[in-house]
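First the structure, in the form of C-alpha cells, and then the observations on it.
Values quoted throughout were computed directly from the atomic coordinates according to the rules given, and no laboratory measurement underlies them. Note that the structure is predicted; figures quoted are calculated from it, not measured. Methodologically, a virtual Cβ is constructed for each residue, glycine included, from the backbone with ideal geometry; neighbour enumeration extends over all protein chains shown.
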Amino acid sequence: MKKLRKDSKFGLLSDALRDELAELMLSGKAGLDDVQAWLAKHGVVVSLQSISEYYRNHVLPTKWRRMNRVATALNKVDDAPASDAAHRAVAQKVFELSTDPHADPKLLSEFYKLMLAGQRQAVDERKLALLEAKAKAADEAQEALRQDDLTPEEREQKIREIFGLV
C-alpha cells in the first residue's frame, strides 16, 4: 500500500472518516459518483480518477491484507479438514465475516469458536475410529493365536495379514 502524500486531499480526512470511506467503497453499493458526493459532503473535492487511484492504492491493499491474514489463520487451524458440510459452511461464514467491514466482531468470534469446535470434533471422531480399528485388529490377532489347528508359521502369516504387514 502506498503512503498518502502530505498534500493529498484524502489526507484531510480523519482516520475514522477514511475508515468510513473504505467501508463505503467496499460495500459495493456506491459508485464513483456516490463516493465523490460523499467526499464533497465532507469537504473534499476530488476527481473520479483520484477516487479510483485512492481505491486501488489504499483501499484494496488493506482488504487483501485482511483477507490474507484470515486465510493464513484458517490454514493454520485446518490441520484436519472438516469433512462435514456444516463444518465447511461455518468456516465459509468465518471467512465472509472476517472480510466484511460491517461484521460484528463478537459474531465473528462465536463463529470462529464453532469452527474450531467442529474441527476438534472431527479429529476426535477420526482418533476414535482408528482406536476402534486397532482394537478390532488386536482381537483378531488374539483369536488367531488361540487357533490350535494352525502351525506357528500359519499363525504368524495370519497375524501379518490382520495388521497389513504382507
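Can you tell me how the stretch 105-156 classifies by the Cα gyration tensor, rounded, prolate or oblate, using a/c under 1.5 as the rounded cut?
prolate
Hey, what do the phi angles of the stretch 147-162 turn into as Karplus ³J(HN,Hα) couplings, whole Hz, using 6.51/-1.76/1.60 and θ = phi - 60°, x for Gly and Pro?
Whole-Hz 3J(HN,Hα) from phi for the stretch 147-162: 6, 7, 7, 9, 6, x, 5, 5, 4, 4, 4, 5, 5, 4, 5, 4.
Can you compute the charge dipole magnitude of the chain about its Cα centre, using +1 on each Lys and Arg Cβ and -1 on each Asp and Glu Cβ, nothing else charged? Give it in debye, rounded to the nearest 20.
1380 debye
Once you charge only the Cβ atoms, +1 for Lys and Arg and -1 for Asp and Glu, what is the size of the charge dipole of the stretch 78-166 about its Cα centre, to the nearest 20 debye?
Values: 13 positive and 19 negative charges, 77 e Å.
Result for the stretch 78-166 is approximately 380 debye, rounded to the nearest 20.
What pairs in 63/93; 3/29; 29/113; 9/29 have C-alpha atoms more than 19 Å from each other? Mind dumping the intermediate values first?
Numbers: 63/93 17 Å; 3/29 26 Å; 29/113 31 Å; 9/29 23 Å.
Distance filter (> 19 Å) returns 3/29; 29/113; 9/29.
Enumerate the amide H contacts of residue 30 below 5 Å, restricted to partners 5 or more residues apart or on another chain; note that Pro and chain-start residues carry no placed amide H.
Excluding prolines and chain starts, which carry no amide H, there are no hits.
At 222 nm, what value in deg cm²/dmol follows for the chain if DSSP H runs of at least 4 each add -39500 (n - 2.57) and the sum is divided by all its residues, to the nearest 500?
-23000 deg cm²/dmol
Rounded if a/c is under 1.5, else prolate if a/b is larger than b/c, else oblate: which is the stretch 78-166, with a ≥ b ≥ c the root eigenvalues of its Cα gyration tensor? Please report the intermediate quantities before stating the final value.
Working: a/c = 7.32, a/b = 4.88, b/c = 1.50.
Prolate, since a/c reaches 1.5 and a/b exceeds b/c.
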